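Scroll down for the structure; my scribbles are underneath it.
The values are calculated or read from the model by the stated rules, or taken from the named source; none is laboratory data. These numbers were taken from a predicted model, which means no experiment stands behind them. A quick note on method: Cβ atoms are made from the backbone with ideal geometry, for glycine too, and the neighbour counts reach across all protein chains shown. Surface accessibility is based on the protein's heavy atoms, side chains included, excluding ligands, DNA and RNA. Shrake-Rupley method; radii C 1.70, N 1.55, O 1.52, S 1.80 Å.
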Amino acid sequence: MPALARALADAMRGGSSVRGALAAVADDRAVPETLRRELGGLAKAVYLGMPLGTALEQLAERGDAGLRLLSGTVAMHLETGGTLASELDRLAADGEAALRIDEERFAATAQARATVRVVAALPVLALLGAEAASGSFVSTIARNPVALALLVVGFLLEGAAIVAARAIVGGRR
């Protein structure tokens, strides 16, 4: 969304109307490919007579919260007037700041994610080490129903702990 807001603002500062800016952004390589295709289709539909408000509604329905905010901002400015380019610049700056914060959060929790992986592997490694040392550790546990039940409960609790830790420190992007 930040790249789209920035590209729309640049096109409008260059003298384009909102309709022209949509068409110009459809060719802007700074905007992601899927969004460019979407905008290209909407720009053609607007050129062929679709009301701009309807096109903005369709764009908002197909996108995430950032795209809905951008579409709503453009629609509001179409009705009320104002300096749309500067508002789009603010949206782009806010979107870029949110992306930076998300990347910083991901980097800050990298150590915690690595620790979760190491701690999760320890019980399995201990079981394998005990089996390698004695040669019959797993078969001894398998013959004793209480020990087997405790081992299964332990692994279930470990799985729950892994899920909880991933929820706390965040998973993959």
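Do you know which residues across segment 16-37 are touching a Lys or Arg at 6+ places or on another chain (Cβ under 9 Å) and part of a helix (DSSP H, G or I)?
23, 25, 36
Tell me yes or no: at least one residue of segment 1-15 is part of a helix (DSSP H, G or I), at pLDDT below 85 and over 19 Å from the mean Cα position of the chain (by Cα).
no
Residue 83 passes all but one of (1) over 16 Å from residue 21 (Cα atoms); (2) open to solvent by 90 Å² or more (accessible area, probe 1.4 Å); which number fails?
Every condition holds for residue 83 apart from (1).
Need pairs with beta-carbon distance below 6 Å; first residue free of Cβ contacts under 8 Å to residues at least 40 places away in the same chain and within segment 12-33, second open to solvent by 40 Å² or more (accessible area, probe 1.4 Å) and part of a loop (DSSP other than H, G, I, E, B); sequence gap 6+ or separate chains.
As it stands, the answer is 24/16, since those pairs meet every condition given.
Kindly indicate whether any position in segment 97-118 is among the aromatic types (Phe, Trp, Tyr) and in contact (Cβ under 8 Å) with a residue 40 or more places away in the chain.
Yes.
Cβ-Cβ below 7 Å, separation at least six or inter-chain, first residue in segment 39-57 and farther than 11 Å from residue 18 by Cβ, second in a loop (DSSP other than H, G, I, E, B): which pairs?
39/26; 40/26
Would you tally the residues in segment 17-67 being under 18 Å from the mean Cα position of the chain (by Cα), of a type outside the set (A, V, I, L, M, F, W, C) and open to solvent by less than 40 Å² (accessible area, probe 1.4 Å)?
Summing the residues that are under 18 Å from the mean Cα position of the chain (by Cα), of a type outside the set (A, V, I, L, M, F, W, C) and open to solvent by less than 40 Å² (accessible area, probe 1.4 Å) in segment 17-67 gives 2.
Give 40, 49, 95 a once-over and let me know the one that is over 16 Å from residue 1 (Cβ atoms) and in a helix (DSSP H, G or I).
The conditions single out 40.
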